[in-house]
Amino acid sequence: MNELPMGENDYTTRDAARLLGVSVRTVQLWLEKGHLQGWKTSGGHRRLKRSSVEQAALARSQAQPQPTPKRSLNVLVVEDSTALLKLYRSLISRWPFPTSMFTACNGYEALVMVGKVTPDLLICDLRLPGITGFQVVRALCDMPRFRQLAIVVVSGMPLNEIAAHGDLPKGVLTMEKPIDSEQLQHLAQKVWQTRRPKGQV
């Protein structure tokens, strides 16, 4: 990011977050990864180019999701392996309760998708291109609107390596690869029991 004076048409990170409907931390991540255009002032404050923010807001508004039945469990799987996404789809399709599965293949797409589909359960890998799974999980845990989101990390990363990355927020569950389908279904069943409409089995 180049150091330039703030103009009348520039956004602060807080203004951009409000317009895009995401957290300030998410805006900072998108800026650092080049998904938004901006710079730092001589005082170290981040500023974003107005046209860049408004283009991102327009793209989000034009990609409104199709309504999903409230009676289903919304599951967002964040995984960059096509083979594993197919496996998840096969496993989730056999769960004995209604589900709507959504996917994201990188951290940036995951942060956009959570605002579009409001998942009940997030299944996330840690090694992702660009914005990592660590950054995705931490950003969501910092957002009040996602405090009730059930998050499970499924990764082949050893626990000591996870700890070396600063560990994961409290309440985030960790499962090792290969995927334990029974354990994952049991977890999803517990989430469904707390989210399902009254009277629905």
Options [x] 23, 19, 18; [y] 33, 20, 14; [z] 25, 19, 17 for semi-axes √(5λ) of the Cα gyration tensor in Å; the value derived from the coordinates is listed as [y]
Kindly state, to the nearest 0.05, the FRET efficiency for His45 paired with Leu173, given R0 = 30 Å and r defined as their beta-carbon distance. 0.25
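Let me have the relative contact order for the chain, percent, based on Cα pairs under 8 Å that are six or more residues apart.
Computed over the chain, the figure is 17 percent.
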Per DSSP H run of n ≥ 4, the term is -39500 (n - 2.57); total these for the chain, divide by its residue number, and report the mean residue ellipticity at 222 nm rounded to 500 deg cm²/dmol. -12500 deg cm²/dmol
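Mind checking which helices in the chain clear 27 Å along their axis (Cα) and have mean Kyte-Doolittle hydropathy of -1.0 or more, DSSP H runs only?
The qualifying helices: there are none.
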Within the chain, what's the longest run with no GluC sites (Glu not before Pro) in a DSSP loop and at most 15 other beta-carbon atoms within 10 Å? Give the range, please. 9-201
Taking every DSSP bridge whose two residues both lie in the chain, the antiparallel percent to the nearest 5 is 25 percent
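Any read-out appearing in this document is the output of simple, stated calculations on the displayed coordinates, not a laboratory observation. Every value quoted in this text rests on a predicted model; they were computed, and no experiment measured them. Cβ: placed from backbone, ideal geometry, glycine included. Neighbour counts: every protein chain shown.
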